[in-house]
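The values are calculated or read from the model by the stated rules, or taken from the named source; none is laboratory data. Quick caveat, the model's predicted, so the values are computed rather than measured. Cβ atoms come from the backbone with ideal geometry, glycine included; neighbour counts cover every protein chain shown. Surface areas here come from the heavy atoms of the whole protein model, side chains and all, with no ligands, DNA or RNA. Shrake-Rupley method; radii C 1.70, N 1.55, O 1.52, S 1.80 Å.
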Amino acid sequence: MTDLERLEKIICEYKELEPGTLTPETTFQELELDSLDLVDMTMACEDEFGVSIELDDNLKTIADLLDLIRKD
Amino acid sequence: MNMLQSPICELLEIRYPVLQGGMAWIADGKLAAAVSEGGGLGIISAMNANASWLREQIREAKSRTSKPFGVNIMLMSPFADDVAQVVVEEQVPVVTTGAGNPSKYMSMWKSAGIRVIPVVASVALARMMEKHGADAVIAEGGESGGHIGEAATMPLVPQVADAVHIPVIAAGGIGDGRGLAAALMLGACGVQMGTRFLVAKECGVHPVYKEKVLKAKDIDTIVTGRRLGHACRGLKNAFSREYAKKEWLPETSMEELEAFGVGSLRKAAVEGNEKEGSFLCGQIAGLVTREQPAAEILQQVCEEAEALLKGASQWVNG
Ligand SMILES: Cc1cc2nc3c(=O)[nH]c(=O)nc-3n(C[C@H](O)[C@H](O)[C@H](O)COP(=O)(O)O)c2cc1C
């Protein structure tokens, strides 16, 4: 699985979405994730990828989150 | 003799494991000093105020007590950067944070020797704060007055306590020694109370506000603001009922709703405006029936908890 697929899997499970419905451009706003959800998902990603993610205000899309994961 | 023991008392150099929660427009230097003098940790609320107001309040507190106290920083405040600096310059021993993620100030505060205690409403946020170096977390349940999350104190506290290694302070719905004892049983090391301290003698909130809290019963609070993503618990009155009605009407725009709420806490806390004010307060208000000096509140809560904890073995056979 690619990183994007792994990330997609986490988000799809979190939001009970069908796999394949997300693109890197999908925004968290579209997914209706509030700030607590975002923290929750970030921690799930840290566990999955074994990285430390620094949340910042510019985090808007799935691609942004993927960048943060790869930066670590 | 005071017997309650907790790592929080050592960490914060306080006698009783009780914090007075930051309360916007209400928790000033005078209240914080009274709570700290009484053996708890008083907290000044920086809310949306600017640096000079906060500095004044810090100095007011220092003039009234030599004991440690804290400042609550609301991270969404337009002055957050400024007040984050003021607590360093004034060498405030403890900072609690609300409404967001304080990680960008963490290293500045830590290197100034400040104990940083974020308020969290979920396990994930607690874990994230621990990772960023928080000294403890306040797990605040939705029974609280003010801005709230979804989880209630009873389920939230043990889950947070399991998830982090730093001390957990329970908040939301705690108003007496029973609440404190129960919080310790849930895995917390101490408690933060807001509503009970609203009616402390030294609390300068408008007398109408105090009267309403003292009179409130168990089911007299309501949550509004969920649609805007900032749920708030307060007393039922003309303002909150109107808000609740407007909130989910399709013709009410988000902007209109936002504008309707602006300034409402100030109207309640400063002006005592019963109709247009937002009287934020927690579900525990029904248990709060007497105005008392802060020191007396602390002593009463802790002595009651001690007696309960000492007698806890009555529930176990053999
Ligand atoms: C009137 C009022 C204003 C509050 N303002 C703030 C605030 O500005 N920042 C914050 O972190 N918490 C705020 N809180 C939450 C308190 O600090 C505390 O966590 C809460 O009141 C605990 O629950 P309790 O009311 O059941 O004791 C406020 C609470 C009340 C009642």
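If the requirement is being open to solvent by less than 50 Å² (accessible area, probe 1.4 Å) and more than 15 Å from the ligand (Cβ to nearest atom), which of these qualifies: B:I26, B:I114, B:I43?
Step by step, each of B:I26, B:I114, B:I43 is checked, and only B:I114 is open to solvent by less than 50 Å² (accessible area, probe 1.4 Å) and more than 15 Å from the ligand (Cβ to nearest atom).
Exactly one of these conditions fails for B:S63: (1) small (G, A, S); (2) assigned to a helix (DSSP H, G or I); (3) within 20 Å of the chain's Cα centre (by Cα). Give me its number.
(3)
Please determine, by comparing only the residues of the stretch B:6-23 that are closer than 15 Å to B:V92 by Cα and in a helix (DSSP H, G or I), which one is least open to solvent (accessible area, probe 1.4 Å).
The selected residue is B:L12.
Against the conditions (1) closer than 21 Å to B:M47 by Cβ; (2) surrounded by 14 or more Cβ atoms within 10 Å (Cβ to Cβ), where does B:E258 fall short? Just the number, please.
Tallying (1) closer than 21 Å to B:M47 by Cβ; (2) surrounded by 14 or more Cβ atoms within 10 Å (Cβ to Cβ), B:E258 fails exactly one: (2).
Residue by residue through the stretch B:211-254, note down the ones that are closer than 16 Å to B:R266 by Cβ and not small (G, A, S).
Result: B:K212, B:C232, B:L235, B:N237, B:F239, B:Y243.
Going residue by residue through the stretch B:264-280, is there one that turns out to be more than 21 Å from B:I148 (Cβ to Cβ), within 14 Å of the ligand (Cβ to nearest atom), touching a residue at least 24 places away in the same chain (Cβ under 8 Å) and not in a helix (DSSP H, G or I)?
yes
List every residue pair whose Cβ atoms lie under 6 Å apart, where the two residues are 6 or more positions apart in sequence or sit on different chains, the first residue falls within the stretch B:104-123 and is in contact (Cβ under 8 Å) with a residue 40 or more places away in the chain, and the second residue, located anywhere, is away from the ligand (no atom under 16 Å from the Cβ) and open to solvent by 50 Å² or more (accessible area, probe 1.4 Å).
From the stretch B:104-123, the pairs are B:V123/B:Q159.
Whether any residue in the stretch B:185-202 is of a type in the set (G, A, S) and farther than 26 Å from B:E60 by Cβ is what I want to check. Give the steps one after another, and end with the answer.
As a first pass, look at the stretch B:185-202 and keep what is of a type in the set (G, A, S): B:187-188, B:190, B:194, B:200.
Okay, now just the ones that are also farther than 26 Å from B:E60 by Cβ, so B:187-188.
Yes, there is a match, as at least one residue in the stretch B:185-202 is of a type in the set (G, A, S) and farther than 26 Å from B:E60 by Cβ.
Report yes if some residue within the stretch A:15-30 is of a type outside the set (D, E), assigned to a helix (DSSP H, G or I) and within 23 Å of B:V164 (Cβ to Cβ); otherwise report no.
No, the conditions are met nowhere in the stretch A:15-30.
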